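Here the structure comes first, spelled out in structure tokens, and everything after it is commentary.
The values are calculated or read from the model by the stated rules, or taken from the named source; none is laboratory data. For clarity, every value in this text was computed on a predicted model and none was experimentally measured. Backbone-built Cβ (ideal geometry, glycine too); neighbour counts: all protein chains shown. Protein only, heavy atoms only, side chains kept; ligands, DNA and RNA dropped before computing areas. Shrake-Rupley method; radii C 1.70, N 1.55, O 1.52, S 1.80 Å.
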Amino acid sequence: MNDQSAGGFAPDGDGIGASIPRFEDSRLLTGEGLYTDDRALPNQAHGVAVRSPIAHGVLRSIDTTAALAAPGVLAVVTGQDLAEAGYGGIPCVIGSKNQDGSDMTKPFRPSLPLDKVRHAGEAVCMVVAETYEQAKDAAELVELDIEPLPVVNDMRAAVEPGAPVIHDEAPNNVCLDFRRGDAAAVDAAFAKAAHVTRRTIVNNRVVVMAMEPRSAIADYDKASDSYTFYTGCQGVFGMRNNLAKAILKVETDRVRVLSGNTGGSFGMKSPVYPEYPPLLHASKLLGRPVRWTDERTDSFVSDQHGRASIYDCELALDADGTFLAVRVDGFGDMGAALASVSPNPPTGNIFKNLPSLYRTPAIEVRVRCVFTNATTVSAYRGAGRPEANYIMERLVDAAAREHGFDRIELRRRNLVPAAAMPFTAASTETYDSGDFAAVLDQAVAMADLPGFDARKAASASRGLRRGLGIACYLEVTAGGGQEQGTIQFDDDGGVTIVTGTYDYGQGHAAPFAQVLADRLGLPADKVRLMQGDSALLQHGGGTGGSRSAMASGGAIVEASTRVLENGRQLAASYLEVAPEDIEVSGAGYVVAGTDRRMTLREVAARAVDDPENRASLDATVIHQVSPSAYPNGAHICEVEIDPATGKVRVDRYVVVDDFGTLLNPPIVEGQVHGGIAQGLGQALMERVDYDADGQLLSGSLMDYAVPRAADMPPMALAFHPVPATSNPLGVKGCGEAGCTGAMPALINGILDALADDGVTNIDMPATPEVIWRALEKA
């Protein structure tokens, strides 16, 4: 279980909006966290995955003879073993329709291959031994007989006639041909447009690079015929259900998932992975726990990647610069198989987020989701939202430059006005709240644009180029579904919240405690958060899509109302009146018509020593989560470029966000900082490269760059909160917004810096080499 307890706070002023520290930081910074690899179960064995050295081929045989004879080896689990035991395949939980109305193609994905390998690094079997070192040595003795097949790792080349077929079920390598929008309206808008701007926009494939590699321990109990599975994930309830129903094909009460601390995920650790079923099988086979931890090098080829899409994009405008329509036609790279939500980021989430905060009346999105001989691609921080906003902001900046509009005024002219709320966008999403113009104006004021010309001249005097990058954004967060909220009063006077979202770095414990403090008047330093034990959950949607404050926050609010009602009987008893004479008032109780009152905190304190009375206060609700919310904001940055080397330095950065109600401002700021760091990484340095044979060229931190502290600019952050009307807390979500605004702001800034040199397009990542070559070509 992940018990994130408070400690050391004064209870006063720790409700919603207070800037209290994260509860877990002291424990984590002093090495007291409990990550999966920190666990050591009695008599545990160790697994090591054997991975395919080639990207595409027929798997003729797996010779395990030498490995099984090696010292300490207990078993070698293959795909055939799992098939014979009746295990299911790794699920893709997203379904979608092709444009002709037929269902998308979902090829069966065994945990370990039965017939073919489809990407370099694919797990082929797992060696289990007494020690990790013995398993690793024996893994090198496994002999794979793989007949090579032609390779395709470019998503556009994959659909060409004669391209290698990766799955027989998808003979053209297309699993989904997605089209949505009003094609007739879009065509009519382009026909009458005074201006049309076109760009081919690439969202580069990136490695997720969580600080903690994936790790898992499987422990089968023969007496109860049940499994306990330890792993870091984004929600133990969903992980349990997928393992039980899709993989093991058993009742969910026979599987328990436990997660302690998780060192980052960004979407990557949410699904079931190929290494998990062989661990479960080996534990049952051997009658002992089996553990496995990925090495960083293997993480590059086994963790699902992010982004990986390319779009031909068009924006139609009238003579005054009013947006008429946007059209997108492109490809989304699925990699070698479908991961949990693979088809959604480049399709449905592009469509929902493409209009952003503009009044564009018509949109059309067509995307082919394509298999390639590369690592699978699925959710990565924002999962389609950053990609959609990147498309729109690149088009807006290009249109302004091509057709003579001021970039800021062009945006202002097309923003949805605050008076128009609620506003139904061309995506059919209804924005409930926001003041987009005020947010942009605040960012412009903070960015000191009148001083830009002087700063540009100073840069030029040193032989450098300076550019100004602007990007507005709006995100459609994950909404709907259900979430558990349980409030339990403990015998030590504390309170425990149980919920099904999961904190893998966000810092949920403090803001959830603040909601409870706000609603029930209980001190935040007496609140614990339990979120990592599937046995405690009746439901749980997990963390993803910036939903946690809406989902668990809403569940806590609803459960708090139930607690107050539950306490009415006790309050009546303590105040020596009939229950019908008790009125609930704020976070306490009043005897009707008198000044006699008692707070819930006082009632709970009286009930501590009486287990029956204490338990009567407890409440569990299954909360119906509110619809999507719409965080929005504006990013403005200045970059400085050395034309001799192409090196970019981000000099200044301003962000104004509307996240609705801020539960804990410092935690929100931290989320924005982290999102900008990942956006900067993708925009300036991160790139997954394969050679023609499907070998990963950027397979370690020696040749794959991620941002460091020195790469980050000074940042000025401000908030312009307009509370959401769609959920009880008025929150909008903040976890992915920094990434969404950063990528277009940075690339727009680079293009502005290079405009006088004749450079009109740069693809991410804008590495020194890419910029130098663009300048040479221009």
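Of all residues in region 209-228, those being part of a loop (DSSP other than H, G, I, E, B), in contact (Cβ under 8 Å) with a residue 60 or more places away in the chain and of a type in the set (A, V, I, L, M) number 2. Of all residues in region 435-461, those that are within 21 Å of Asn632 (Cα to Cα) have Cβ atoms under 7 Å from Cβ atoms of residues that are open to solvent by less than 70 Å² (accessible area, probe 1.4 Å) and of a type in the set (S, T, N, Q), 6 or more apart or on another chain, in Phe436/Asn632; Val439/Asn632.
Scanning region 270-288 for residues that are within 17 Å of Leu74 (Cβ to Cβ), open to solvent by 10 Å² or more (accessible area, probe 1.4 Å) and either outside any helix (DSSP H, G or I) or β-branched (Val, Ile, Thr) (or both) returns Gly287, Arg288. Considering each residue of region 705-748, count those that are outside any loop (DSSP other than H, G, I, E, B), open to solvent by less than 50 Å² (accessible area, probe 1.4 Å) and over 25 Å from Pro213 (Cβ atoms), and give that number. Here the count works out to 15. If I filter region 315-324 for residues that are small (Gly, Ala, Ser) and in a loop (DSSP other than H, G, I, E, B), do I get at least one hit? Within region 315-324, one or more residues are small (Gly, Ala, Ser) and in a loop (DSSP other than H, G, I, E, B).
Looking at region 398-408, can you tell me whether even one residue there is surrounded by fewer than 24 Cβ atoms within 10 Å (Cβ to Cβ), assigned to a loop (DSSP other than H, G, I, E, B), more than 29 Å from the chain's Cα centre (by Cα) and touching a residue at least 24 places away in the same chain (Cβ under 8 Å)? Within region 398-408, one or more residues are surrounded by fewer than 24 Cβ atoms within 10 Å (Cβ to Cβ), assigned to a loop (DSSP other than H, G, I, E, B), more than 29 Å from the chain's Cα centre (by Cα) and touching a residue at least 24 places away in the same chain (Cβ under 8 Å). Against the list (1) open to solvent by 10 Å² or more (accessible area, probe 1.4 Å); (2) of a type outside the set (Phe, Trp, Tyr); (3) out of contact with any Ser or Thr (no Cβ under 9 Å at 6 or more places or on another chain), the condition Thr293 fails is (3). Report yes if Arg240 is modelled with pLDDT of 95 or more, buried (at least 22 other Cβ atoms within 10 Å of the Cβ), more than 17 Å from the chain's Cα centre (by Cα) and in a helix (DSSP H, G or I), otherwise no. Here the answer is yes, as Arg240 does meet what is asked. The set of residues from region 638-688 being of a type in the set (A, V, I, L, M) and in a helix (DSSP H, G or I) comprises Ile667, Val668, Val672, Ile676, Ala677, Leu680, Ala683, Leu684. Every condition in (1) touching a helix residue (DSSP H, G or I) at 6+ places or on another chain (Cβ under 6 Å); (2) open to solvent by less than 20 Å² (accessible area, probe 1.4 Å); (3) assigned to a helix (DSSP H, G or I); (4) farther than 30 Å from Met550 by Cα is met by Ile771 except one, and the failing one is (1).
Among residues of region 365-386 being assigned to a strand (DSSP E or B) and either among the hydrophobic types (A, V, I, L, M, F, W, C) or surrounded by fewer than 24 Cβ atoms within 10 Å (Cβ to Cβ) (or both), the one that is nearest to the chain's Cα centre (by Cα) is Val377. Restricting attention to region 141-157 and to residues that are of a type in the set (Asp, Glu) and surrounded by fewer than 17 Cβ atoms within 10 Å (Cβ to Cβ), the residue that is nearest to Arg118 (Cα to Cα) turns out to be Glu147. Looking across region 468-523 at every residue that is small (Gly, Ala, Ser), outside any helix (DSSP H, G or I) and open to solvent by 10 Å² or more (accessible area, probe 1.4 Å), the one that is farthest from Tyr35 (Cα to Cα) is identified as Gly521. Regarding region 207-216, can at least one residue be identified that is out of contact with any helix residue (DSSP H, G or I) (no Cβ under 6 Å at 6 or more places or on another chain) and within 20 Å of Leu354 (Cα to Cα)? No: region 207-216 contains no residue that is out of contact with any helix residue (DSSP H, G or I) (no Cβ under 6 Å at 6 or more places or on another chain) and within 20 Å of Leu354 (Cα to Cα). The number of residues in region 645-667 being in contact with a Gly (Cβ under 6 Å, 6 or more places away or on another chain) and on the phi > 0 side of the Ramachandran plot comes to 1.
Selection of region 603-617 for residues being in contact with a helix residue (DSSP H, G or I) (Cβ under 8 Å, 6 or more places away or on another chain) and either open to solvent by less than 90 Å² (accessible area, probe 1.4 Å) or of a type in the set (A, V, I, L, M, F, W, C) (or both) yields Val603, Ala604, Ala607, Val608, Asn613, Arg614, Ser616, Leu617. For region 184-207: of the residues being in a loop (DSSP other than H, G, I, E, B) and surrounded by 22 or more Cβ atoms within 10 Å (Cβ to Cβ), which is farthest from the chain's Cα centre (by Cα)? Ranking the candidates gives Arg205 first. You will find that of Ser283, Ser302, the residue that is among the polar types (S, T, N, Q), more than 21 Å from the chain's Cα centre (by Cα), modelled with pLDDT of 95 or more and within 28 Å of Val255 (Cβ to Cβ) is Ser283 and no other. Looking at Glu686, Glu669 in this structure, which one is among the charged types (D, E, K, R) and closer than 22 Å to Ala509 by Cα? Criteria check complete, one pass: Glu669.
Within region 749-758, if we keep just the residues that are within 24 Å of Val439 (Cα to Cα) and open to solvent by 10 Å² or more (accessible area, probe 1.4 Å), the residue that is farthest from the chain's Cα centre (by Cα) turns out to be Asp752.
Filtered by the rule that a residue be open to solvent by 20 Å² or more (accessible area, probe 1.4 Å), within 21 Å of Thr297 (Cβ to Cβ) and outside any loop (DSSP other than H, G, I, E, B), region 49-75 gives a lone residue, Arg51. Applying the criterion of being among the β-branched types (Val, Ile, Thr) and part of a loop (DSSP other than H, G, I, E, B) to the residues of region 158-183, the residue that is surrounded by the most Cβ atoms within 10 Å (Cβ to Cβ) is Ile166. No other residue among Val584, Val577, Val557 is open to solvent by 10 Å² or more (accessible area, probe 1.4 Å) and in a loop (DSSP other than H, G, I, E, B) apart from Val577. Just wondering, is there one or more residues in region 689-704 that are within 20 Å of the chain's Cα centre (by Cα) and open to solvent by less than 50 Å² (accessible area, probe 1.4 Å)? The answer is no, given that none of the residues of region 689-704 is within 20 Å of the chain's Cα centre (by Cα) and open to solvent by less than 50 Å² (accessible area, probe 1.4 Å).
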